[in-house]
Amino acid sequence: MNRYEIMFIIANALDDEKKAAIVETVKGIIEDGGEVTKADVIGTKRLAYPIQKKNEGYYVLIEFNAPAELPKELDRRLRISDDVVRHLIINKDDDKEIA
């Protein structure tokens, strides 16, 4: 299993219940084939530039362990979601620590 990190931005116009449901859905997708090690809801922040005419977004950061196929499925599902503005999945095993 590889270590990954995903950060995604949810449309801020949604109500809190819908935002929580999206976070739980992403966690559920991850837990189907891997395990969530850390979930951090950062909250509402101003975007660096407007995305889809939106100036604010709801940021979520999740660290997880999963096989190599799971990030591809997660990426596919988040790409078709209208409520997720942007997302980025990083393989943390590729990080090189500088001594």
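Quick note: the coordinates plus some simple rules give every number you see, no bench work behind them. Keep in mind the model is a prediction, meaning the values are calculated, not measured. FYI the Cβ positions are ideal-geometry reconstructions off the backbone, even for glycines, and counts take in every protein chain you see.
Rounded to the nearest 10 degrees, the inclination of helix 70-79 to the longest alpha-carbon principal axis of the chain is 10 degrees.
In a DSSP loop and with at most 11 other Cβ atoms within 10 Å, the trypsin sites (Lys or Arg not before Pro) in the stretch 28-58 are K53.
A dipole drawn for the chain from +1 and -1 charges on Cβ atoms has a positive end, and of G34, V23, Y49 the residue lying farthest that way is Y49.
The angle between the Cα long axis of helix 16-33 and the longest principal axis of the Cα atoms of the chain comes to about 20 degrees, rounded to the nearest 10.
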